[in-house]
Structures are given as C-alpha cells and as structure tokens.
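Enquirer: After the structure tokens below, expect a handful of questions from me.
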Amino acid sequence: MFPKTDSPEFAPNFLWQIILLTVIVLALVLFSDKLFKSDLSSMAVETPRIVLFPWVIAGGHTIENGLLAFSGKPADVVNGKDQVRALAALIVVLVLLPTIFFLRWRRWKLAAEPSIHATSWSLSRVFYSLCGALVIYISVASLPMAVFGDVIHNRLREAQAVQSSRDEIINELNFMGFDLFQYYILPKEAGGGNHCFDGYALPDSASKTAEATYVVTPNGQTVGIHAESIRYPFSWVEVKVDSLGRLGSWTYGGKFI
Amino acid sequence: MEKESITIEIKQEVSITLLWIAAGVILVSATFFLTPQTTELWPAINTAGIAATLYFAALMAYVLRKPLAAKWRMIFVVISIVVIGCGAYRWMGMQEETHWQVDLLMKIRAVIGRGIRISEMPPILLKALDLYYRQDTKGAKTLAELFKQLHPGATAGTNIHKAEGEWDKTTVMVETLEPDRIVLVSQETFVPGRDSSFKNYNGQTGMLQEKFILTEKGLTHVSEN
C-alpha cells in the first residue's frame, strides 16, 4: 500500500522527475555554449541563448554558412551546440509543454473531486501554470509571427529590389564613364572627341536599358549623366565625368536616396 | 481500500504522462538524429518537426477523447490547426527567407567582384590607349610596347594586379599581348558566374570572369561568366 499524497495532483516523485527533466533541458540550452566552447570561436551569427523556436537556430546557422561562403570558406557542418539547442527547443515546445499542460487540463476538466479545483498554490500548480502560460504564449505568438514575419520579409525584398536596381544603374554609369573617356581619348578620325567631350552621343542600346533611361550632357571637359529609373518612377541618379574618366558628384533622388 | 485505489489511479496518470513524454522525446530525438547530417540544420529539424506534429496530433486525440464534451474537441482542434498552421507557415517562411538571404549574399559578392574588375581593368588599358594617341608620330610605339612601358615585365600569362594586402587575392591576367591587341582577363576563384559549366582562365569551372580587349579602335568588354 502506498501512502496517499495530500494533493490529488501530481505524485511528488513525478513532479521531481518532470522538474529535473526541465532543468536539464534548460541547462543544456543555457550552457550549451560552454559545453561546446570550441565551436563558439567560429560563430559569425549569434542567436539568442534561449530560443523557443527551432527555426531561429536553423536560420542562424544557414546565414552563418552564407557568410562563410561570402568570404570563400567552406560551409561548416552543424555543430553539437546548435543541434542540442534546436532539439531542446523542439522537445520543449512540441512535446514537454503541451503534454504536461493538456493531460493535466483533461484531468482538471473531468475531475469529480472538488479538491482538484482548490485555489491553494502548491508547487505542482505553479509548475502546471508555468507550462500553461508558455503554451498560451507560444499559441498566441504564432499568429502575429506568421503575419508580421511575412510583412518584414516583403519589406526586405522590396528594399533589396530598390538597392539592386540602383546598383545596376551605377554599374551602367561606370561603363558610360569608360565609354566617355575613350571618346575623349580617341582622335576625331577614329570616332572620338580629340580631347573634348563635345559631340558625344550615347548609342541607342545604352540610352535606354531595362533599368533606366540615360541623358548625357557634354560640357567641354566634363559631362553630366542623368539616369531616370524605369522600375521606380521619380527615382534617379546623376553623376559627372571629368577629363580623366573619373566619375564624381554622385547624387540620388526618389527611392534611391 | 478506497484510499489505496485512489493512489493507484494517481500513479496511472503519472505513468501515462511520463509515457507520453518519453515517447515524444524518443520519437523527436530519433527522427532528428536519424536524418542525414549536412551543413544545414533544416533537414533534421524539418523531419523532427513533422514527427513532433504527428506526436502532438496523437496527444490531442488522446486528450480530447470522450467523455470530454464535443465543444472542447471542436475548440481545441480549431485552435491547434490555426496554431500549427501559423507555426508551420513561419517555419517554412524562415527557411525560405534565410536561403534567400544567403543567395542574396552571394549575388552581392558577385556584384562586388564584377564591380572591382570593371573599375580596375578599363583604366589600365585606357591609359595605354591615351598614350598611344598622344604620341607625336602615330604608331611610333605599338599598344603592346606602351602597355609594357606602364607594366614592366608584363607578358602574356602574367598577373598585373598589385595586391593591396595578403587578403587581396584578385588577379588581372594578361591573356594576349600583341602589338595591336591586348586582352586582360580576371576571374573570381569562389564566386559563381552565370554558367556553371563555363571553363575559367585558371582551369576552374563556373566562376565569375570578365574580359577587356583593347585595340586601336578602343575598348571592348566581354562579361564572359
């Protein structure tokens, strides 16, 4: 015969087992950087220590590999620290918390004994409430995360598209700068300006590209180029080319500022 | 006797909870570690995530079974679908987003690589062209001679790029050095170009490569890859 507990909630042994398991998982998450210290030196992207969402850890690792590739280094295999953190997050969020919360909730809903609805704050009640609060927090957070994540993602793409268009226009202006300098160098009999920019005309293929329309204004020893974006109306880039072929006085308008 | 039966009932609940947790931990951990390990965490957490979702579905079926009222079943099924759906959407979104960012990083690296070459190579050649047309007697010195004057020791196959430090691995190779034609070629060693099967100057394949050709008529640019 077993001695009966005072509370008909969790048995004391079970409670300690669960608390111990939770403490171990949390300790692994919190101190995994010390357990896997050698891996820390190579970390380029630092994700928060406690992460409830495993995709944050996986995303951080992908970005870290991207940064390595950016500098010509081979991608790292997933280190033990990240594996433990991701697995711990998965287990806590999708196994531990819902299991304790929902099984306890079912018992609470079906309980016939009035004592199970007691208002006294026992250790097990605090633990159960903590699990419940986390389950509710994760559930409530999931909707705004999905919506705002999408909004942020779209804004990032839009900002990057503007930046890419601007870069492409700058690239085309650089080529025009060389073409202008070449015109400046070449004698008139070779189709050049004989040390003058006057008479320079953009080839048709260069005056209108997929990114912008270009207007060149030669003025003796300098030339002004105005690029009007096609993708982003009222956005533009202006630059001046000197007699040494140097591009300067860059100015930007509209979305390119 | 009644007291004893209550104690056994509590222990059954405890055992059931522990059993569920143990089954969940084993299922998720096993799928996580059985997934072939790569340089990415995504395959492991995706399969473990699917296993965890299946576990969660089984748990909900167990928790919401009769005699629990049908309204609770309905409420929790709807909430679970919304929460799991939103979570999965963000999960997939994050995976797509991080890969997009990594692709973007390499595109930025390619833009930088091309930019460096486009800003460095033409001035080298245009300087020679400028000297060529500044000669008192046209053709007194060929383009190649003037180029060698600017870059002593340059021959076909030499690197004329002056490294700005140990980190600077850029090369600008003289591919052709003929009296009336000079060809410079420069490539990246780890940044992919447009065509993955393109044969690079140094024997690699698929890397970004730019070429500039100088003749008496001027400069021609060939973005090879």
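Enquirer: List A:MET145, B:MET121 from most exposed to least, where exposure is judged by having the fewest other Cβ atoms within 10 Å.
Expert: Ranked by crowding around the Cβ, least crowded first: A:MET145, B:MET121.
Enquirer: I would also like to ask the following. Taking GluC sites (Glu not before Pro) as exposed when DSSP calls them loop (any state but H, G, I, E, B) and at most 10 other Cβ atoms lie within 10 Å, what is the longest stretch of chain B free of them, the sites themselves excluded? Please list the in-between numbers first.
Expert: Numbers: sites that count: B:GLU164, B:GLU166.
Answer from the scan: B:1-163.
Enquirer: Could you put B:LYS141, B:LYS169 in order, starting from the residue whose Cβ has the fewest other Cβ atoms within 10 Å?
Expert: B:LYS169, B:LYS141
Enquirer: For segment B:116-222, what relative contact order do you get, as a whole percent, if you take Cα pairs closer than 8 Å and at least 6 residues apart?
Expert: On the way: 176 pairs, mean separation 23.2, N = 107.
Relative contact order of segment B:116-222: 22 percent.
Enquirer: Defining a contact as two alpha carbons under 8 Å apart and six or more residues distant in sequence, what relative contact order in percent does chain B show?
Expert: Normalised by residue count, the contact order of chain B is 11 percent.
Enquirer: Between 0 and 90 degrees, rounded to the nearest ten: what's the tilt of helix B:70-134 against the longest Cα principal axis of chain B?
Expert: Around 10 degrees separate the two axes.
Enquirer: Need the full-extension length gain, B:ASP195 to B:TYR133, defined as separation in residues times 0.36 nm minus the C-alpha distance. One decimal, nm. Spell out each step's value before the answer.
Expert: Working: separation 62, 0.36 × 62 = 22.32 nm, distance 3.77 nm.
Additional length available on full extension: 18.5 nm.
Enquirer: Next question. Given the Cα-Cα distance of A:ILE257 and A:ALA111 and 0.36 nm per residue of separation, how much length would full extension add, in nm?
Expert: 46.0 nm
Enquirer: Could you derive backbone 3J(HN,Hα) for segment A:136-152 from the dihedral phi with the Karplus parameters 6.51, -1.76 and 1.60 (θ = phi - 60°), listing whole Hz in sequence and x where the residue is Gly or Pro?
Expert: Once rounded to whole Hz, the list reads 5, 4, 5, 5, 5, 6, 5, 5, x, 4, 5, 6, 6, x, 5, 4, 4.
Enquirer: Follow-up. Tell me the label-point distance for the pair A:ILE230, B:ARG65, using the 7 Å Cα-to-Cβ offset, in nm and rounded to one decimal.
Expert: Going by the 7 Å Cα→Cβ label model, 6.6 nm.
Enquirer: When only alpha-carbon atoms count, how far does segment B:67-225 stretch along each of its three principal axes, as whole angstroms with the largest first?
Expert: If we take the Cα atoms of segment B:67-225, the spans are 105, 29, 26 Å.
Enquirer: Which FRET efficiency, nearest 0.05, do A:THR209 and A:LEU143 yield, Cβ-Cβ r, R0 35 Å? Present the calculation step by step, with values, prior to reporting the outcome.
Expert: Values: r = 44 Å, r/R0 = 1.24.
Result of the calculation: an efficiency of 0.20.
Enquirer: I would also like to ask the following. Using a 10 Å cut-off on Cβ to Cβ distances, tally the other chain neighbours for every residue of B:127-133 and report the average as a whole number. Working shown, then result.
Expert: Working: counts 3, 0, 6, 8, 1, 2, 7.
The per-residue average across the peptide is 4.
Enquirer: Report, by chain and number, residues whose modeled amide H sits under 5 Å from the one on B:THR176, excluding near sequence neighbours (fewer than 5 apart, same chain).
Expert: B:VAL183
Enquirer: Can you give the average number of partner chain beta-carbon atoms within 10 Å of each beta-carbon in peptide A:163-169, as a whole number?
Expert: Values: counts 3, 4, 0, 0, 5, 1, 0.
Neighbouring Cβ atoms belonging to other protein chains average 2 per residue here.
Enquirer: Highest first, please rank the peptides A:67-73, A:236-242 by the mean number of other Cβ atoms sitting within 10 Å of their residues.
Expert: Numbers: A:67-73: 14.3, A:236-242: 20.1.
Ranked by mean Cβ neighbours within 10 Å, highest first: A:236-242, A:67-73.
Enquirer: Given Cα positions, please report Rg to Rh for segment A:167-256, the hydrodynamic radius being the Kirkwood one.
Expert: Looking at segment A:167-256, the ratio lands at 0.98.
Enquirer: Still on this structure, I have one more. For chain B, take the longest principal axis of its alpha carbons; what is the angle in degrees between that and the long axis of helix B:2-34, to the nearest 10 within 0 to 90?
Expert: 20
Enquirer: Computed on alpha carbon atoms, what radius of gyration and Dmax characterise segment B:2-102, expressed in Å?
Expert: So, for segment B:2-102, Rg and Dmax equal 18.2, 65 Å respectively.
Enquirer: Same structure again: Give the residues of segment B:191-218 whose amide nitrogen is closer than 13 Å to a point set 7 Å from the Cα of B:THR39 in the direction of its Cβ.
Expert: From segment B:191-218, the list is B:191-192.
Enquirer: Can I ask one more? Provide the per-residue ³J(HN,Hα) series for segment A:204-221, in order, calculated from phi with Karplus coefficients 6.51, -1.76, 1.60 and θ = phi - 60°, each as a whole number of Hz, with x at glycine and proline positions.
Expert: The phi angles translate into 4, 5, 8, 6, 9, 10, 5, 9, 7, 9, 10, 10, 9, 10, x, 9, x, 8 Hz.
Enquirer: Using the Karplus equation 6.51 cos²θ - 1.76 cosθ + 1.60 (θ = phi - 60°), what ³J(HN,Hα) coupling, rounded to whole Hz, does each residue of segment A:84-100 give in order, writing x for Gly and Pro?
Expert: Whole-Hz 3J(HN,Hα) from phi for segment A:84-100: 5, 5, 5, 5, 4, 4, 4, 5, 5, 6, 9, 10, 4, 4, x, 5, 5.
Every number in this text was worked out from the coordinates using simple rules, so none of it is lab data. Predicted model, so just to flag it, every value in this text is computed and none were measured. So basically every Cβ, Gly included, is an ideal-geometry build from the backbone, and we count neighbours across all protein chains shown.
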